[in-house]
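Engineer: First the structure, then my questions, so here it is.
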Amino acid sequence: MKELTCIVCPRGCRLTIDDELNVTGNSCPRGAQYAKDELTNPKRMITSFMRVKNRENCVVSVKTSTSIPKGKIFDVMEEINKVGVDAPTHIGDIAISNVLGLGADIVITKNIK
Amino acid sequence: MIKRDLVIIGGGSAGMAAAIEAKKNGIDDILILEKDNVLGGILNQCIHNGFGLTEFKEELTGPEYLSRFADVVKEMGIEYKLDSLVLDVTENKVVTYSNANDGIVNIEAKAIVFATGCYERSAGAIQLSGDRCSGIITAGTAQKYLNIHGYLAGKRIVILGSGDIGLIMARRMTLEGAKVLCVSELMPYSNGLNRNIAQCLNDYNIPLYLSRSVLRVEGKSGRVEKVVLAAVDDKMKFIPGTEMEFECDTLLLSVGLIPYVSLLDKLHAEMSSTKGAKVNDQLMTSIPGVFACGNCLHVHDVVDFVTDEGREAGRGAANYIKGLSEKKRHITVKPGNGVGYVIPQYIETDLNNDITFKFRVRKPIKDVFVNFKSGDTLIQKVVKMVLIPSEMVMIKINKSKLENLPVDEIEVSLEERK
Ligand SMILES: Cc1cc2nc3c(=O)[nH]c(=O)nc-3n(C[C@H](O)[C@H](O)[C@H](O)COP(=O)(O)OP(=O)(O)OC[C@H]3O[C@@H](n4cnc5c(N)ncnc54)[C@H](O)[C@@H]3O)c2cc1C
Ligand code: SF4
C-alpha cells in the first residue's frame with residue numbers, strides 16, 4: 001500500500017495504491033493511470049528556457065512535448081542548456097527533436113519577435 | 001478630452017478576458033492600457049505547465065495560455081496600448097495614462113475595468129529580523145529574473161513561505177543547478193497546492209518544515225550568509241532551543257499576495273477584508289461604472305478562474321454601458337463561521353441567471369456543510385469533503401433562490417457534519 005498525491009490537475013487528490021495496482025481516492029480515471037505509472041515508471045514534464053542567441057539577455061521558454069522518465073530530468077536539462085535558438089520563435093516550434101532518444105521533443109512555448 | 005466607452009486597466013488574463021467578453025456583448029469602443037511591454041501579465045513569467053485545464057481541457061504553460069487570449073484580442077481588433085502606465089483615475093471616470101509616444105493623456109470613459117493584478121508581500125511587510133543585506137527577494141521577482149532574463153538569483157536558497165510561487169521556484173531553481181535547502185512555513189499547513197508539494201518539493205527531496213519561521217537572517221558581509229529558522233508555538237511565538245541554521249546566499253520570500261488597488265483606494269471605493277474592492281453581482285465596485293476582476297479583486301490560484309471572472313466583469317461593464325444594470329435591491333453577503341471572505345459582497349441586479357459565490361475557508365476543514373442563510377431561512381446547503389484555505393471554493397446558486405429573502409442579508413458559513 002502506498003499513498004501519493006495526484007499531480008495531474010490542481011485538485012491534487014490523495015491516492016492510495018496497493019501491490020495489485022488497485023487505486024482508490026482518485027476523482028477521475030487520469031488519477032488511476034497516474035498512480036500506476038508512478039509505481040512502475042514515474043514520468044514528469046519539464047519546463048525550462050533556452051537562450052535566444054541573437055537577442056541580448058533574452059531567453060525563450062520551452063517544455064517537453066510529453067513526459068519523460070523522472071530519472072532523466074537532469075540529463076534532459078543538460079541537453080536543453082547546451083543549445084540556444086534564434087529569434088523569431090513561435091509556440092510549437094521544435095527546438096530539439098527526440099531528446100536523448102526518449103521520444104519527447106523540446107518545444108518552444110513563447111512567441112518572440 | 002478623448003472619450004471611450006470602456007477602458008480596461010491591465011492587460012493580464014483578467015483584462016484580456018474582460019475586453020473580449022465586452023466586445024462579444026456589443027461594446028466596440030474598448031481600450032486596454034498595459035504598463036508592461038507585452039500582454040499577458042504575470043503569466044509571461046510562469047513558464048511551468050498546469051494552466052488551462054478548465055478552459056481548454058489541456059495542460060498549457062503560462063505563455064501558451066496567455067497567447068491564446070492575446071491572439072483573440074488581436075483578431076477581434078481590440079485596441080491596446082503597451083508601455084502605458086495608468087497614473088490616475090477620477091470619480092468621473094477620467095483615466096490618466098502616460099507612455100513615450102502619447103505623453104500624458106486623459107480619457108473619459110463610460111466604464112472602467114480594473115484588472116491590475118496583485119503584488120507580493122515583501123521583507124518589510126513581514127518584519128523579518130536580522131541583518132539588512134542583499135539576497136532577500138520575493139519568489140515572484142526571482143521567477144522574473146530567471147524565466148524572463150535568464151539568471152539565477154542565488155546558488156544556495158532557503159524559501160520562507162509555502163505559497164505556490166515559492167514551491168514552483170524551488171523546483172525551477174533546482175533544475176537550473178541551485179541548491180534549495182528547505183521551505184519553511186509559519187502555519188501548521190502548507191499554503192500551496194498539494195500537487196506542487198508533491199512535484200516541486202518531494203520529487204527533489206526538498207524538506208518542508210511546518211510551524212517554522214525565520215528567527216533571523218545573518219549577513220554581515222552585505223549578502224545573506226545564514227538563515228536561522230525556529231519552531232513557533234500555536235501563538236506564533238518562537239520556541240527557544242528549536243533553532244536550525246542554514247548556510248545560504250539567498251532567502252526567497254513567498255509569503256502572500258496582495259491585490260494591487262492603490263488607484264481604487266484613491267477613489268475611496270469601499271474595500272473588503274481581501275484587500276480588494278467590494279463588488280456586487282456585476283463585479284461593480286461602490287463607484288458606479290467602475291469594475292474589478294482577477295487578482296486585483298481577490299488573489300486567485302488558478303488562472304482559468306481569473307479568465308472567467310474577467311468575462312464576468314466584461315459583461316458587467318457592457319450591461320452598465322447599455323444602461324441595463326439598474327439596481328433593484330441591496331442584499332449584503334457576508335462571511336460567517338469558518339469563512340474568510342465571500343465575493344460578491346452585494347447582490348443588486350437581477351441580470352444573472354445564477355450567481356457564483358466565491359470564498360475561502362479560514363483553515364483546513366473536513367466533512368462540512370456550506371450553508372447559505374438569509375436570517376433563519378436556509379437558501380442552500382452544500383456538502384464538501386475537504387476545504388483548504390489555498391483553494392478557492394465556488395458555489396453557484398440559481399437566481400430564483402435569491403428572491404423574496406426574509407432579510408436583505410445572506411450569510412455563508414460552515415457547519416461540521418456529525
Ligand atoms: C509572481 C506570481 C506567480 C504566479 N504563479 C502562478 C502559477 O504558477 N499558476 C497560477 O495558476 N497562477 C499563478 N499566479 C496567479 C496569477 O497571477 C493569476 O492566476 C492570473 O494570471 C492573474 O491574472 P490578472 O490578470 O488578475 O493579473 P496579472 O496577470 O498580474 O495582470 C495584471 C496586469 O495589470 C498591469 N498593470 C497593473 N497596474 C497597472 C497600471 N497602473 N497601469 C497599467 N497597467 C497596469 C500589469 O502590468 C499586469 O500586466 C501567480 C501570481 C504571481 C503574482
Ligand atoms: S485524480 Fe483526477 S481529479 Fe484528482 S487530481 Fe488526479 S487528475 Fe485531478
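The values are calculated or read from the model by the stated rules, or taken from the named source; none is laboratory data. These numbers come from a predicted model, not from an experiment. Glycine gets a Cβ as well: all are built from the backbone with ideal geometry, and neighbour counts include every protein chain shown. Side chains included, ligands, DNA and RNA excluded: accessible areas come from the protein's heavy atoms. Shrake-Rupley method; radii C 1.70, N 1.55, O 1.52, S 1.80 Å.
Engineer: Please work out the C-alpha center-to-center distance from the range B:5-49 to the range B:193-207 and express it in whole Å.
Structural biologist: Here the two parts' Cα centres lie 32 Å apart.
Engineer: Along the charge dipole of the range B:44-194, which of B:Gly103, B:Leu87, B:Ile136 sits closest to the positive end, that is, farthest toward it, with unit charges on the beta carbon of Lys, Arg, Asp and Glu (+1, +1, -1, -1)?
Structural biologist: Going by the Cα projections, it comes out as B:Ile136.
Engineer: Continuing with this model, one more query. Which net charge results for the neighbourhood of B:Ser254, defined as the other residues with beta-carbon distances under 13 angstrom from its beta-carbon, given Lys and Arg at +1 and Asp and Glu at -1? Before the final figure, lay out the partial values.
Structural biologist: Numbers: positive: B:Arg121, B:Arg171, B:Arg172; negative: B:Glu120, B:Asp164, B:Glu185, B:Asp301.
After counting each charged neighbour, the total is -1.
Engineer: Once neighbouring chains are kept in place and the probe is 1.4 Å, which whole percent of the accessible area of the range B:327-418 is contributed by carbon and sulfur?
Structural biologist: Numbers: 2150 of 4750 Å².
In the range B:327-418, the share of accessible area belonging to carbon and sulfur is 45 percent.
Engineer: Please average, across the residues of A:2-12, the number of beta carbons from any other chain that are within 10 Å of each residue's own beta carbon, and give a whole number.
Structural biologist: Averaged over the peptide's residues, the number is 6.
Engineer: Subtracting the Cα-Cα distance from 0.36 nm times the residue separation, let me have the gained length for B:Ile365 to B:Met394 in nm, one decimal.
Structural biologist: Separation in residues times 0.36 nm, less the Cα-Cα distance, equals 8.8 nm.
Engineer: Give the interface area between chains A and B as buried accessible surface, both sides summed, probe 1.4 Å, in Å² to the nearest 100.
Structural biologist: 2400 Å²
Engineer: Same structure, new question: Arrange the residues B:Val299, B:Val368 by how much accessible surface each exposes, largest first, with a 1.4 angstrom probe.
Structural biologist: B:Val299, B:Val368
Engineer: Starting from the Kirkwood Rh over alpha-carbon pairs, what translational D in µm² s⁻¹ does the protein assembly as shown have by Stokes-Einstein at 20 °C and 1.002 mPa s?
Structural biologist: 87 µm²/s
Engineer: Under a 5 Å amide H to amide H cut-off, with H placed in plane at 1.01 Å, what residues pair with B:Met392 once short-range neighbours are removed?
Structural biologist: Correct list: B:Asp301.
Engineer: Turning to a different aspect of this structure: About its Cα centre, how strong a charge dipole does the range B:122-255 have in debye, to the nearest 20, once Lys and Arg get +1 and Asp and Glu get -1 at the Cβ?
Structural biologist: Values: 15 positive and 13 negative charges, 52 e Å.
So the magnitude is around 240 debye.
Engineer: Based on the Cβ-Cβ distance from B:Ser129 to B:Asp234, what FRET efficiency comes out when R0 is 22 Å, to the nearest 0.05?
Structural biologist: 0.60
Engineer: Continuing with the same structure: Measuring with a 1.4 Å probe in the full set of protein chains, what accessible area per residue, in whole Å², belongs to the range B:122-255?
Structural biologist: 42 Å²
Engineer: Just to verify a number: FRET efficiency for B:Lys220 and B:Asn101, C-beta to C-beta distance, R0 = 45 Å, to 0.05?
Structural biologist: 0.40
Engineer: Per residue, how large is the accessible surface of the range B:259-387? Use a 1.4 angstrom probe and give square angstrom.
Structural biologist: On a per-residue basis, the range B:259-387 sits at 40 Å².
Engineer: In Å², and per residue, what accessible area does the range A:47-108 have when probed at 1.4 Å with the other protein chains present?
Structural biologist: Roughly 48 Å² per residue, with all protein chains present.
Engineer: Shifting gears a bit: Please name which of A:Leu100, A:Ser61, A:Val85 has its Cα lying farthest along the dipole of the range A:47-108 towards the positive end, using unit charges on Cβ (Lys, Arg +1; Asp, Glu -1) and the Cα centre as origin.
Structural biologist: Towards the positive end, the residue furthest out is A:Ser61.
Engineer: State the Cα centre-to-centre distance between the range A:36-89 and the range B:351-414 in whole Å.
Structural biologist: The distance from the Cα centre of the range A:36-89 to that of the range B:351-414 comes to 43 Å.
Engineer: Taking 30 Å² as the minimum loss, tell me which residues in the range A:76-113 lose that much accessible area going from the chain by itself to the full protein complex (1.4 Å probe).
Structural biologist: Hits at the 30 Å² cut-off: A:Met77, A:Ile91, A:Thr109, A:Lys110.
Engineer: Continuing with this model, one more query. Among DSSP beta bridges whose residues both lie in the protein assembly as shown, state the antiparallel percentage, nearest 5.
Structural biologist: Details: 74 of 113 bridges.
Around 65 percent antiparallel, to the nearest 5.
Engineer: Ok, one more. Determine the percent antiparallel among the DSSP beta bridges restricted to chain B, to the nearest 5.
Structural biologist: 60 percent
Engineer: Which of the aspartates and glutamates could be linked to B:Lys235 by a straight reach, that is with a Cα gap under 15 Å, when you skip same-chain ones fewer than 8 residues away?
Structural biologist: Once the sequence-local aspartates and glutamates are set aside, what remains near B:Lys235 is B:Glu185.
Engineer: Aspartates and glutamates near A:Lys72 by alpha-carbon distance under 15 Å, same-chain residues fewer than 8 away left out - which ones?
Structural biologist: A:Glu38, A:Asp105, B:Glu176, B:Asp203
Engineer: Have a look at B:Glu55, B:Glu348, B:Glu309 and tell me which one the Gaussian network model of chain B (Cα, springs below 10 Å) gives the largest fluctuation.
Structural biologist: Comparing B:Glu55, B:Glu348, B:Glu309 in the GNM, the peak value goes to B:Glu55.
Engineer: Determine the sum of side-chain charges near B:Asp83: Lys and Arg each +1, Asp and Glu each -1, restricted to other residues whose C-beta is under 9 angstrom from that of B:Asp83.
Structural biologist: Local charge sum for B:Asp83: 0.
Engineer: Now for a different question. Can you pull the accessible area of B:Arg216 for me, 1.4 Å probe, Å² to the nearest 10?
Structural biologist: Near enough 90 Å² of accessible area.
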